[in-house]
Structure formats: C-alpha cells, structure tokens
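One structure is given below, encoded as structure tokens.
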2 protein chains.
Amino acid sequence: MRRDIFHAIADPTRRAIIALIALQAMTPNALADNFQTTRQAVSKHLRVLTECELVQQEQLGREIYYSLRVDRLQEIDHWLSQYKQLWETRFTQLDSVLATLKHQNP
Amino acid sequence: MRRDIFHAIADPTRRAIIALIALQAMTPNALADNFQTTRQAVSKHLRVLTECELVQQEQLGREIYYSLRVDRLQEIDHWLSQYKQLWETRFTQLDSVLATLKHQNP
DNA sequence: TATATTTGCAACCAATCGGTTTCATACTCC
DNA sequence: GGAGTATGAAACCGATTGGTTGCAAATATA
C-alpha cells in the first residue's frame, strides 16, 4: 500500500478535509456533513490521512476530534523547494541554478 | 478522468520523471533507461504529465524532447501557501492567522 | 438496564491505475 | 525504396481506489 503524503493529497475530498480541519478540529460526523458521501467514506479518508500522519486524533467521550498536523505539509514544501529556485530565478542565472540542482540530485 | 496536478505528482515514477527533465529535456527512450519499466509505461506517465500541462514537448526529427514547465508547480505552492503561515507562525499569533485563513476560505 | 449515538472495521463493488504486449505511424539512414 | 529507430495508441490484465452497506464496540442518556 502506497501511503505517502503525495498520495494523500491527491484526492480532492481529502484536500477538502484538510482545509476544514486546518481551521478547527472536527469529528468524522461533522466532517461528513460537508460532503455528499457517507460518513464511512470520510472515515476511510481519515484513515489514509492518519496513516501518513497528516492528522492527529483527540478522543473526547465517544467523539474523536481530528485536527491537521500542519508541520507534515512541510514535506511537500521541501520537495517543491528544489524546483522553486527554477521558477523564481531569472533566465540569466538559470545555468548556475541547474548546476546546483544537479549537484543536489546526483 | 481526474487529471489535476495533485494526481500527477502522486506517482513516484512521475516525480522521478519530473526530477530528470527539470535538469534537461529528455526523450521518452532516454527517460525509460532510468527506470525498470517499459518505454510505453514511461510514455503513459508523460501523457498524464502532458494532460495537466506539467511538461512541454519539442519535436526534433523523430525524437520528442520533454521538458518541465516549472511554472506549473506554482499551483502546488499556491495551495501550500494557505497552510504555510500556520506552520511558520508562533503559537501566540495563531488565532489571528486562523481568522485570516477562515476569511480566505468562506 | 435499555436505548440511542458515535465511531471503526470488514466485505463487497465498479472504476481507475500502472503496467505489459502488440501494432501503426513517422522519421533517418543506407 | 527498404531497413532500422523513435514514438504514440489500443487492448488487455492484476492491483488499488473510493465508494457503499452492514455490523460490532464503546460511550452517553433515558
């Protein structure tokens, strides 16, 4: 099973879940109210997000509140960073940037 | 068919292709040499990357050189940016950040 | 205790995915 | 023109995905 963070954010429903719980912790039932799917489907998405440690749970009575582990999104930012200099740099500096990137990825 | 950029980068082989053609334009055959799959499989990945405009082609004789459209990766960076302030901000400022984020996503 | 609520998990299903094999097309070189 | 090379497209296949329904466990409430 491929359960990396890139796979996790590939699904639009999961990105919507991420957007919701970034604002405040929510229960599976409360989350499911925002989608046209069943609660169980949302639960399966939460399982995927949990398995790649993108969310954390806090149990309060019989309710489980899911919230976003924002720090985990840095992994994507880190992956992006190697290309970011490519689009942020002017053409005249492109050669040196390419050399740097080549050095970082032998 | 879900052909957005998040789906495109979800596959590890496609991310490897992106890393390769970020350095220099490459033909499908040259790309396939770097993987333990067939050229046709690489070609299918290139089709996905093309359909979401992550790569561009340049035909030279019977060879087609694929290169990365780095600017397209900004879409992911833009998606990340709404969460970036969450992990870059200290806890004491968190409330105002959440308010801002809530305003951006009504 | 009995009932209702919240949740996770298993079984199943159609659709999609990544891969292969095969074939057709287009270009290069002799 | 003919042989070889580079490529894309189609057909097929097993595995995975996202979804559903049904059920069991745990908690709250009467």
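Derivation of every value follows stated rules applied to the coordinates shown; laboratory data play no part. Only a predicted model underlies this, so the values are computations on that prediction, with no experimental measurement involved. A quick note on method: Cβ atoms are made from the backbone with ideal geometry, for glycine too, and the neighbour counts reach across all protein chains shown.
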Legend entry - Chain A Cβ-axis minimum, rotational copy B, residue and distance in Å: A:A10, 2
Inset, instruction - Taking amide H positions as placed in the peptide plane 1.01 Å from N, state which residues far from A:Y65 in sequence (5 or more) or on other chains have amide H under 5 Å from it. - result: A:E58, A:Q59, A:L60
Inset, instruction - Could you run the Karplus curve 6.51 cos²θ - 1.76 cosθ + 1.60 with θ = phi - 60° over region B:39-52 and give me ³J(HN,Hα) per residue in whole Hz, x for Gly and Pro? - result: 4, 5, 5, 4, 4, 5, 5, 5, 5, 4, 5, 5, 5, 9
Legend entry - Length added when fully stretched, B:W87-B:R62, from 0.36 nm per residue minus Cα-Cα: 4.2 nm
Inset, instruction - Would you mind classifying region A:5-68 by shape? Square roots of the alpha carbon gyration tensor eigenvalues, ordered a ≥ b ≥ c; an a/c under 1.5 is rounded, otherwise it is prolate if a/b is larger than b/c and oblate if not. - result: oblate
Inset, instruction - Between the label point of A:A16 and that of the same position in each other copy, find the distances and list them shortest first in nm, with every label point placed 7 Å from Cα along the Cα-to-C-beta direction. - result: 3.4
Inset, instruction - Quick one: with label points 7 Å out along Cα→Cβ, list the inter-copy distances for A:E75 in nm, shortest first? - result: 2.3
Inset, instruction - State to the nearest 20 debye the size of the charge dipole of region A:3-78 about its Cα centre, where the only charges are +1 on K and R beta carbons and -1 on D and E beta carbons. - result: 280 debye
Legend entry - Per-copy distances of the A:Q56 label point, shortest first, in nm (7 angstrom along Cα→Cβ): 4.4
Inset, instruction - Provide the per-residue ³J(HN,Hα) series for region B:13-20, in order, calculated from phi with Karplus coefficients 6.51, -1.76, 1.60 and θ = phi - 60°, each as a whole number of Hz, with x at glycine and proline positions. - result: 5, 5, 5, 5, 4, 4, 4, 5
Inset, instruction - Give me the distance in nm between label points sitting 7 Å out from Cα along the Cα-to-Cβ direction at A:E75 and A:L23, one decimal. - result: 2.6 nm
Legend entry - Rounded to whole Hz, the Karplus (6.51, -1.76, 1.60) HN-Hα couplings of region B:70-82, x for glycine and proline: 4, 4, 5, 5, 4, 4, 5, 4, 5, 5, 5, 4, 5
